[in-house]
Every structure is written in C-alpha cells, then in structure tokens.
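What follows is a single structure, written as structure tokens, with notes after it.
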Amino acid sequence: MSITFYHSPMSTSSITEAVIAELALSAETILVDIDAGDTQTESFLKINPNGRVPVVIHEGVTITESAAITLYLGERFGVDKNLFPALGPLRAEAMTWTVWANVNLANAAGKLAAELPPDTPGAVQQGSQDFVAMELRRPADLTKAKAGITSCFNILNAGLENKDYLLGDYSLVDTHMFVLVAWAMFMELDLSEFKNVMMWFERCCQRPVLAAMMEE
Ligand SMILES: N[C@@H](CCC(=O)N[C@@H](CS)C(=O)NCC(=O)O)C(=O)O
C-alpha cells in the first residue's frame, strides 16, 4: 500500500524526505506551509494533533515523530536494502542513535533556532509554534542553547571515533542524523573542532540523496 507523506521543505520532515528517497519508496507527498498556518488547521490537527510535520500514513496507520518514522520505514523496507539492521544488537544501536538524535540533538538545535534572530539562516520563523517572541528572549538563553548543542556534538563526535558511519556501514541512522547536522551547519555553527563529525559529514555527502539535499 502506498505511503502518504506530509512535508514542509527545510524542516524536520526533510529527514523523512531523505529516508524515503534513500529507500527509493514511492510516496504521495502533500506539501504543508508552516508559515501560512497549514499545520494548525482543524483538518491537519485531526491528522496530527501535535500540529507538526512529518506525518506518514501507511497501511491505514498514521505515524508521527520523525524518529518513529525512520525506525518504522527502516524496519519495513530498509533491512533487505542493507540500509537498516535486522533484529539484534545492531538494531538496538540504530534505535539508540535515532532516538538520541531527536531527544538530544534536535531538541538542542530547536532551542538554538528559537533563540536566533528570525532573519538568520535556520532560525524558527514567526509562523511556527516554536517561535519565541522577541520581548521574551534573554541573552542567557542563547548562551545556554549554544552550550547544549556543543555538548551534543561532543557526544556525536565520540560516537564516530574510528567509524566511517554510526553503525559501521552507512544506514538510515546516518541519513536521519545527517539532516539534523546539516541544520546545525545551516545555522552557521562552527563545527570544525568536531573532526569525526566533519569527516563523517563529508562521507555522507557522497550519497547522491544527501548531496542533492545539500544543493537545494
Ligand atoms: N519531534 C518532532 C518535531 C517535528 C517539528 O517540530 N516539526 C516542525 C517543523 S521543523 C513543525 O511541523 N512545526 C509546525 C508548527 O510549528 O506549526 C519530530 O521529530 O517529528
């Protein structure tokens, strides 16, 4: 049965876009304009009460949360394509990194994006429910957000020590993480001190799907 994918370009749903592309799945993509309020309409909130993309509908089931979507699509379609580990300890590592990516890295990146001036690359825009009104912003929050993301990159850098990719070979876990790291780079964070991350990122850029995403 076909996949329906609710997507807003240059958002968290770019992770799912990349995962679907790596898996070469056909999907009906429904574009959603966050700034225009599409994620807050009554009809969209019936699909995802969180008012967020990505959303994937497959075999009548609605799946929200990009980590859950990556894990589901990986499990269903990625094992045969050598893009996701079969059941076993490596699957546990895949789950750990994918959940970590959202709970820690995406969370830290989101906090930083919400503190950046709205006209800065990667910053949360006014239409988003994550936008923080300028009068509520404090310089200390920006400093804290930068420290939070630095801590995440230290962990990711250590996780990539002596490894080409997070699970050894390239997998959808790298696809997922790549889009979040690209977001951090888009926010003009200097990641040069995280040598393993930088080398991994270059390696990932050899993947046609991810290279194309960087050109957008
Ligand atoms: N934890 C969610 C986060 C999704 C998310 O925050 N999506 C944002 C775009 S980056 C969104 O749809 N925002 C809509 C809004 O603010 O109305 C996931 O990983 O899927």
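The values are calculated or read from the model by the stated rules, or taken from the named source; none is laboratory data. Because the structure is a prediction, the values reported are computed rather than measured. Cβ: placed from backbone, ideal geometry, glycine included. Neighbour counts: every protein chain shown.
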- prompt: In region 69-103, what residues are crowded, with 17+ Cβ neighbours inside 10 Å, within 27 Å of E188 (Cα to Cα) and of a type outside the set (G, A, S)?
  reply: T70, W97, T98, W100, N102
- prompt: If you scan region 128-142, which residues turn out to be more than 16 Å from the ligand (Cβ to nearest atom) and within 21 Å of L180 (Cβ to Cβ)?
  reply: D141, L142
- prompt: Based on what the data block shows, is Q125 in contact with an Asp or Glu (Cβ under 7 Å, 6 or more places away or on another chain), within 28 Å of I3 (Cβ to Cβ), within 16 Å of the ligand (Cβ to nearest atom) and assigned to a loop (DSSP other than H, G, I, E, B)?
  reply: yes
query: Pairs, please: C-beta under 9 Å, at least 6 apart or cross-chain, first residue on the phi > 0 side of the Ramachandran plot and in region 35-54, second assigned to a loop (DSSP other than H, G, I, E, B) and more than 8 Å from the ligand (Cβ to nearest atom)?
result: G51/T41
In region 173-196, the residues that are in contact with a Phe, Trp or Tyr (Cβ under 9 Å, 6 or more places away or on another chain) and assigned to a loop (DSSP other than H, G, I, E, B): L189, L191, E193, F194
- prompt: Would you call A18 assigned by TED's automatic domain parsing to the domain that holds Q125 and closer than 29 Å to E215 by Cβ?
  reply: no
query: Of V132, V173, which residue is at pLDDT below 95, on the phi < 0 side of the Ramachandran plot, among the hydrophobic types (A, V, I, L, M, F, W, C) and surrounded by 13 or more Cβ atoms within 10 Å (Cβ to Cβ)?
result: V132
message: Among the residues that make up region 164-172, is at least one of them in a helix (DSSP H, G or I) and closer than 21 Å to P54 by Cβ?
response: yes
Positions within region 197-216 being assigned to a helix (DSSP H, G or I) and crowded, with 17+ Cβ neighbours inside 10 Å, in sequence order: V197, W200, F201, C204, V209, L210, M213
field: Conditions (1) out of contact with any Pro (no Cβ under 6 Å at 6 or more places or on another chain); (2) small (G, A, S); (3) surrounded by 15 or more Cβ atoms within 10 Å (Cβ to Cβ): number failed by S2
entry: (3)
query: For L142, are the conditions met, namely being at pLDDT 95 or above and not small (G, A, S)?
result: no
- request: Would you be able to say whether some residue in region 171-186 is assigned by TED's automatic domain parsing to the domain that holds P118, over 21 Å from V19 (Cα atoms) and of a type outside the set (D, E, K, R)?
  value: no
